[in-house]
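Shown next, in structure tokens, is the structure this report addresses.
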Amino acid sequence: MTQQTHNISRAAALKKLKNASRALYAMAILCFFLGIVSALFAQTASESALLLLVLGLFGSVYLGLGLLIKRKSKAALIVAVVLSSLTFLSGVVSIFQGGSVGGIFLPMAVLSQLEPGFKAMEQLKR
């Protein structure tokens, strides 16, 4: 019975890590999409190239972090939490400067998926 419980616990932990990596994949796709859309509607060619480069870079970072989390890298999970926290904090600063509240929902959703990953990694080490 304990082996079956261990297998169920391991499956739940793997699902939590899969959810964390999927959240980062969603952020990467969103960055790539926003980079392309903002580049299409940019005023100048240099502004278009800069937006595409920066958002493409962030999309690549999120994609890489998602792949590393899938391989059970705790350092990648820490970096992803820090990046998502910084995104959340920039959304909060934007609110205080008169921006919309919508900028904090996606980082909150990503953080809610990343946080269980720490406990899942601890369970998988046992």
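General remarks:
- Given a 1.4 Å probe and the protein chains as shown, residue 78 ends up with an accessible area of around 80 Å².
- Charge tally for residue 77 (other residues, Cβ to Cβ under 12 Å; Lys, Arg +1; Asp, Glu -1): +4.
- With respect to the chain, whose longest principal axis is taken over its alpha-carbon atoms, helix 2-40 is tilted by about 10°.
- Between the residues 92, 39, 112, the greatest Cα displacement towards the positive end of the dipole of the chain, with unit charges on the Cβ of Lys, Arg, Asp and Glu, is found for 112.
- With every protein chain in place, the chain: carbon and sulfur % of accessible area (1.4 Å): 70 percent
- Positive-end extreme of charge dipole, the chain - chosen from 66, 80, 12 (charges on Cβ): 12
- Qualifying trypsin sites (Lys or Arg not before Pro) in region 68-98, DSSP loop, other Cβ atoms within 10 Å at most 14: 71
- Overall form of region 82-126 per C-alpha gyration tensor (a/c, 1.5; a/b vs b/c): prolate
- For the pair region 84-111 / region 16-60, the C-alpha centres are spaced 17 Å from each other.
- When you filter the chymotrypsin sites (Phe, Trp or Tyr not before Pro) in region 1-100 for DSSP loop state and at most 13 other Cβ atoms inside 10 Å of their Cβ, you are left with 41.
- The tail of the calculated P(r) for the chain beyond 23 Å holds 41 percent of all Cα-Cα pairs.
- Between residue 90 and residue 2, the C-beta separation translates, for a Förster distance of 41 Å, into a calculated FRET efficiency of about 0.30.
- Shown is the FRET efficiency for residue 38 and residue 74, computed with R0 = 30 Å from the Cβ-Cβ distance and rounded to the nearest 0.05: 0.35.
- Total charge dipole magnitude, the chain, about the Cα centre, Cβ charges on Lys, Arg, Asp, Glu only, Debye to nearest 20: 860 debye
- Helical content of the chain, expressed as a calculated mean residue ellipticity at 222 nm, amounts to -31000 deg cm²/dmol (DSSP H runs of 4 or more residues, -39,500 (n - 2.57) each, divided by residue number, nearest 500).
- Modelled FRET efficiency - R0 22 Å, residue 18 with residue 111, Cβ distances, 0.05 increments: 0.85
- Measuring with a 1.4 angstrom probe and ignoring ligands and nucleic acids, residue 115 comes out at about 120 Å² accessible.
The values are calculated or read from the model by the stated rules, or taken from the named source; none is laboratory data. Here the structure is a predicted model, which means the values were calculated and not measured. With ideal geometry, Cβ positions are generated from the backbone for all residues, glycine too; neighbour counts draw on all protein chains shown. For accessibility, only protein heavy atoms count, side chains too; no ligands or nucleic acids. Shrake-Rupley method; radii C 1.70, N 1.55, O 1.52, S 1.80 Å.
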